[in-house]
Ligand code: SF4
Ligand code: SF4
């Protein structure tokens, strides 16, 4: 089935929903607009599976703050993924490097909370590298499936009502 | 500025046991500069606590707030108003801020989210160094602007000791520091040499009156011209 991701104002690209009966696992991707010039395509790729989620275009992956990562995990995402450029291609010189440090810092928080640190992932993808993007999307889906519902997400103690593909 | 670090989440959760409406209050001055207690850190801790409570099956209402200076009473009016609907306040300010806030909230417990560590400077991005212990009798004029009380591991007033090696303090042998700790007295020597004031080192510092510092009980400053 061909699905087209649509833009929800701002920088959000929503993945089309496949199922409506119960809550689907939600993947949120925050992606550097250089690394991912067409966020809608990633949204469509992920939307072809049994997931719900959104892809948010960022000016640079380093603009994603730790509090945003934690907020998204606490309110919305079963899996959160940050996409940046390879460090040497970063237009903000050390932006992609900073993003890696911040993801590590946020993961330490997750470890303290007792949540699987893999719920927060990252990739460094050269702009326009379709192969790398496809692999990252597959990795996101694999991880989201294996981790299942996020028990720390608000309103989902025990993950009731959540379907696991 | 005052430098602090966040307490472990488990300790914070333990302090907040039994409270279902909590206000997190940050301070946007010193502890924001050392990335421990400004509004971003309030947002991080609030999200982390929401997740931790969610996982523990607890429903807790967590509010966020931040003021420019939690140690100045005039800045606290907003927090006090918001705190009135909370059962407990978790302050991300230094110890002085926590206490100033608590003084305004006689009926609401105020807990510290940080361990307040020292008076220091941002030496490099992500590196804060202790450089003043508030000894009450500043020697910096004699030591080229480098504090031996704080930056010499032995607080020697006449240094160096016999331990420095390659410009480094011997405390590096006792435990690992990254980056390594320089010998403060060699820094003082180099600085005075650069200033053409090496003769200062010929003056032997006399025993210090430590009662001016924290050995003399709670200190206070009273300025009659500023009093009401
Ligand atoms: S000599 Fe005393 S007041 Fe001066 S910097 Fe050192 S500790 Fe602070
Ligand atoms: S090596 Fe230098 S800084 Fe270290 S204790 Fe001796 S004099 Fe002080």
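The values are calculated or read from the model by the stated rules, or taken from the named source; none is laboratory data. Just so it is clear, the model here is predicted, and its values are computed rather than measured. Note that each Cβ is placed from the backbone with ideal geometry, even for glycine, and that neighbours are counted across all protein chains shown.
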Query raised in the report: Hey, does segment B:156-170 have a residue that's under 30 Å from residue B:90 (Cβ atoms), at pLDDT 95 or above and within 16 Å of ligand 1 (Cβ to nearest atom)?
Result: no
Query raised in the report: Of (1) more than 19 Å from residue B:117 (Cα to Cα); (2) without any contact (Cβ under 8 Å) to a residue 12 or more places away in the chain; (3) more than 11 Å from ligand 2 (Cβ to nearest atom); (4) part of a loop (DSSP other than H, G, I, E, B), residue B:177 satisfies all except one. Which?
Result: (1)
Query raised in the report: Does residue B:1 count as touching a residue at least 24 places away in the same chain (Cβ under 8 Å), within 30 Å of residue B:124 (Cβ to Cβ) and under 23 Å from the mean Cα position of the chain (by Cα)?
Result: yes
Query - Residues within segment A:101-155 that are at positive phi and more than 12 Å from every other protein chain (Cβ to nearest Cβ), tallied - result: 2
Report summary line: Looking across segment B:156-174 at residues that are surrounded by 15 or more Cβ atoms within 10 Å (Cβ to Cβ) and more than 8 Å from ligand 2 (Cβ to nearest atom), the single one that is farthest from residue B:128 (Cα to Cα) is B:157
Query - Residue identified as out of contact with any helix residue (DSSP H, G or I) (no Cβ under 7 Å at 6 or more places or on another chain) and surrounded by 15 or more Cβ atoms within 10 Å (Cβ to Cβ) among A:76, A:87 - result: A:76
Report task. Taking the residues in segment B:110-125 that are without any contact (Cβ under 8 Å) to a residue 40 or more places away in the chain and out of contact with any helix residue (DSSP H, G or I) (no Cβ under 8 Å at 6 or more places or on another chain) as candidates, determine which candidate is nearest to ligand 2 (Cβ to nearest atom). Result -> B:123
Report task. Consider residue B:99 carefully, then state whether it is away from ligand 2 (no atom under 16 Å from the Cβ) and free of Cβ contacts under 8 Å to residues at least 40 places away in the same chain. Result -> yes
Report task. Determine, yes or no, whether residue B:210 is more than 14 Å from chain A (Cβ to nearest Cβ), surrounded by 11 or more Cβ atoms within 10 Å (Cβ to Cβ), at pLDDT 95 or above and within 14 Å of ligand 1 (Cβ to nearest atom). Result -> no
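Just to be sure, is residue B:180 in contact with a strand residue (DSSP E or B) (Cβ under 6 Å, 6 or more places away or on another chain), modelled with pLDDT of 95 or more and either within 14 Å of ligand 1 (Cβ to nearest atom) or assigned by TED's automatic domain parsing to the domain that holds residue B:68 (or both)?
Values: in contact with a strand residue (DSSP E or B) (Cβ under 6 Å, 6 or more places away or on another chain): yes; modelled with pLDDT of 95 or more: yes; either within 14 Å of ligand 1 (Cβ to nearest atom) or assigned by TED's automatic domain parsing to the domain that holds residue B:68 (or both): no.
Against the criterion (in contact with a strand residue (DSSP E or B) (Cβ under 6 Å, 6 or more places away or on another chain), modelled with pLDDT of 95 or more and either within 14 Å of ligand 1 (Cβ to nearest atom) or assigned by TED's automatic domain parsing to the domain that holds residue B:68 (or both)), residue B:180 does not qualify.
For (1) out of contact with any helix residue (DSSP H, G or I) (no Cβ under 6 Å at 6 or more places or on another chain); (2) outside the structural domain of residue B:36 (by TED's automatic domain parsing); (3) under 30 Å from residue A:149 (Cβ atoms), each residue gets a yes or a no:
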residue: B:60; (1), (2), (3): no, no, yes
residue: B:66; (1), (2), (3): no, no, no
residue: B:72; (1), (2), (3): yes, no, no
residue: B:77; (1), (2), (3): yes, no, no
residue: B:89; (1), (2), (3): no, no, no
residue: B:97; (1), (2), (3): yes, no, no
residue: B:104; (1), (2), (3): no, no, no
residue: B:107; (1), (2), (3): yes, no, no
